[in-house]
Every structure is written in C-alpha cells, then in structure tokens.
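Laboratory data are not the source of any read-out in this text; all were calculated from the coordinates shown. The model shown is predicted, which means the values in this text are computed figures rather than measured ones. Cβ: placed from backbone, ideal geometry, glycine included. Neighbour counts: every protein chain shown.
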Amino acid sequence: MQIYPDYDFSKLRAQHFIKQEGGLEQAEEVAEERLVEVSEVWDSKPISAEGDFQTMLWTGINEAIDLRECDIYR
C-alpha cells in the first residue's frame, strides 16, 4: 500500500474483516468519535472559516467515493 509503506499487509485475507454492523451511520459515528480531538483543534483555528472539520471530512470523502454505495468492513 502506498499510504503505509512501512506496513506489510500481504498476509491479510478476507476473513480478517467483518462487515460493520449498523452500516455507514455506525462507521461515521466511530470515525467521528475517534477524531473528536482533531475536530476540536481544527474548529478552534481561524482556518476553520471554510467549515467545521466533520463537514469538510465527509465532503472530501464523498467527493472521492460515494459512501452510500459502499459496503463497510472493519
């Protein structure tokens, strides 16, 4: 993987993943929960005039892929 060149994902197989219960809504909730500190820092900075962190995050992701059409795994 280009994003994590120091990690070896070659031994991962389909059985290492399970479908996310609750689908997209649950996945978004978990992501936002884990990024709450980032969101708080972002929203406190002057650069946040373009929008809050969560809105910009999901807008950026949805510009790249349509999450509503994805199966979510963890």
Legend entry - Considering residues of the range 57-74 that are in contact (Cβ under 8 Å) with a residue 12 or more places away in the chain and not basic (K, R) only, the residue surrounded by the most Cβ atoms within 10 Å (Cβ to Cβ): L57
Inset, instruction - Within the range 50-62, identify whether any single residue is of a type outside the set (F, W, Y), over 17 Å from the mean Cα position of the chain (by Cα) and part of a helix (DSSP H, G or I), and answer yes or no. - result: yes
Legend entry - Options E21, E37, E29; residue that is free of Cβ contacts under 8 Å to residues at least 12 places away in the same chain, out of contact with any Asp or Glu (no Cβ under 6 Å at 6 or more places or on another chain), charged (D, E, K, R) and part of a loop (DSSP other than H, G, I, E, B): E21
